[in-house]
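The values are calculated or read from the model by the stated rules, or taken from the named source; none is laboratory data. Only a predicted model underlies this, so the values are computations on that prediction, with no experimental measurement involved. Because the Cβ atoms are built from the backbone with ideal geometry, glycine has one as well, and the counts that use them run over all protein chains shown.
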Amino acid sequence: MAFSDILKLKKEEQKKEETIFVRNLIVGSDIFTVALVKKLADKFQDSLKVLSEASFTLDNIKSLGPYGIRGDENINALASDFTLEDKQSSHSVFYKEMKFHKFHSRSKPMKLLEGENYYTQKHLKVDEAELLDITESDLGLVNDVLIENRIASIDKLESSELLDKKEWAVRCTNGLIIECENLYWGEGAFRFYDLLNDKNILGTDTVEYLESTKTPLALYVNLNFEKPVIDMGETIFFPLSFTHDWGHFIGNVISSNEGQVARFVTFVDKEESSEEDISKKIRLLKKNIEKNFESFKAVNYTEQVILNESSPCSKIDDGKLDPKELEQIHLHFYSYNAPLFNKSEEESNDADSCFSPSYFTRGYLALKNI
């Protein structure tokens, strides 16, 4: 498979410089973007826009890769807002010596690389879009205010205007410049930092925080089978090598009326993976499935391959960031890698304060804070 089929390629664009002003600009492409628009739409009405590279459908906002709600602490943090008792849970297994083993058993897995340890925890079998009650009507609401474009860079502005306060300029690859007063960023804290032209506008602690959220690329592979192929409910770890520390393909299988979807992810170093490396990883995944599930070769399937520029960060130190600085510069982070701030003294410094929510739980709690 060519690397051009994996990456979101930059389209040939006719550049025409144009500047528009939007009071509230949301940048994102996931379920939390839809949920944030639902939350803010009535309040901001005509002063709200969404910037994303593609229109919103249920298929392209659904979570990629394995189930994302994992670990007792993350699950318990959601229990007061959602009914989770009826949701099935399952554990994780790794492949070694021609069979599958539970984690923390006598057999030991290959070395777990960055981002992988999170998936060893117990998970809930739940559709995150359904949990947030995302409907087709909600998607229509987002698409009605959508600006479909790709971001080239971000600048902080110094505005003296009283009415249209221009705090940020988001520059797109086709020449469009979107100036806004309030910027809601859902594409990962480090990606914001990477796109920011003048990093000196940020305080030292803020820079340290943003740099700490840097994660590897996430290579997602979905295999859509016409008939069931994989008869396992656990999260599966397939090593990419038994002799080198190359990490794993990690996946879950979801059954549907149309057949079965196997959703896998592996984490990729941006500096080290070539077109050949990516293609080889995908071939290794298919070889492992074929080796362990006999019906694989006999069942038709389609595949979806997406390489995302970031992945959820499993450990974030929210204490590094001063919320007042973000308020002063009209910047709001949301989604999977967003910072979390205590809104009151009652919420802070209790016995569980060392717990750092992650993945869906972090995204949901960050959304509540906006």
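Some observations on this one:
- Condition check for LYS122: more than 17 Å from THR361 (Cβ to Cβ) and not hydrophobic (A, V, I, L, M, F, W, C): no
- Screening PHE296, PHE249, PHE225 for residues that are hydrophobic (A, V, I, L, M, F, W, C), under 21 Å from PRO109 (Cβ atoms) and in contact (Cβ under 8 Å) with a residue 12 or more places away in the chain leaves exactly one candidate, PHE249.
- Output for the stretch 195-223, where each listed residue is crowded, with 17+ Cβ neighbours inside 10 Å and not in a loop (DSSP other than H, G, I, E, B): LEU195, LEU196, THR206, TYR209, LEU210, LEU217, ALA218, LEU219, TYR220, VAL221, ASN222, LEU223
- Checked across the stretch 183-194, the condition of being among the aliphatic types (A, V, I, L, M), more than 21 Å from the chain's Cα centre (by Cα) and at pLDDT 95 or above holds for no residue.
- The stretch 330-339: number of residues that are hydrophobic (A, V, I, L, M, F, W, C) and either over 18 Å from GLU181 (Cβ atoms) or part of a helix (DSSP H, G or I) (or both): 1
- Filtering GLU275, GLU294 for residues that are over 20 Å from the mean Cα position of the chain (by Cα), farther than 27 Å from ILE61 by Cα and of a type in the set (Asp, Glu) leaves a single hit, GLU294.
- Number of the condition not met by VAL145 [criteria: (1) free of Cβ contacts under 8 Å to residues at least 12 places away in the same chain; (2) among the β-branched types (Val, Ile, Thr); (3) over 23 Å from PRO357 (Cα atoms)]: (1)
- Tallying residues that are in a helix (DSSP H, G or I), surrounded by fewer than 16 Cβ atoms within 10 Å (Cβ to Cβ) and not small (Gly, Ala, Ser) within the stretch 293-317 yields 2.
- Consider the stretch 154-182 and keep the residues that are within 12 Å of ILE329 (Cβ to Cβ) and outside any strand (DSSP E or B). The one that is modelled with the lowest pLDDT is SER159.
- Qualifying residue in the stretch 2-21 (condition: out of contact with any Leu (no Cβ under 9 Å at 6 or more places or on another chain), farther than 27 Å from PHE267 by Cα, modelled with pLDDT of 90 or more and surrounded by fewer than 11 Cβ atoms within 10 Å (Cβ to Cβ)): no
- The residues in the stretch 47-69 that are in a strand (DSSP E or B) and at pLDDT below 95 can be counted, and the count is 0.
- Per-region count, the stretch 70-129, residues free of Cβ contacts under 8 Å to residues at least 24 places away in the same chain and closer than 19 Å to PRO239 by Cα: 11
- Checked against (1) over 20 Å from SER335 (Cα atoms); (2) touching a Cys at 6+ places or on another chain (Cβ under 9 Å); (3) among the small types (Gly, Ala, Ser), GLY115 passes all but a single condition, namely (1).
- Taken together, SER52, SER89 contain a single residue that is touching a strand residue (DSSP E or B) at 6+ places or on another chain (Cβ under 9 Å), surrounded by fewer than 20 Cβ atoms within 10 Å (Cβ to Cβ) and either among the polar types (S, T, N, Q) or within 23 Å of ALA218 (Cβ to Cβ) (or both), which is SER89.
- So PHE32, is it assigned by TED's automatic domain parsing to the domain that holds TYR184, touching a strand residue (DSSP E or B) at 6+ places or on another chain (Cβ under 8 Å) and not aliphatic (A, V, I, L, M): no
- The listed residue being on the phi < 0 side of the Ramachandran plot, part of a helix (DSSP H, G or I) and modelled with pLDDT under 90, out of GLU327, GLU290, GLU276, GLU272: GLU276
- Test: residue in the stretch 178-188 that is more than 30 Å from ASP86 (Cβ to Cβ) and surrounded by fewer than 19 Cβ atoms within 10 Å (Cβ to Cβ): no
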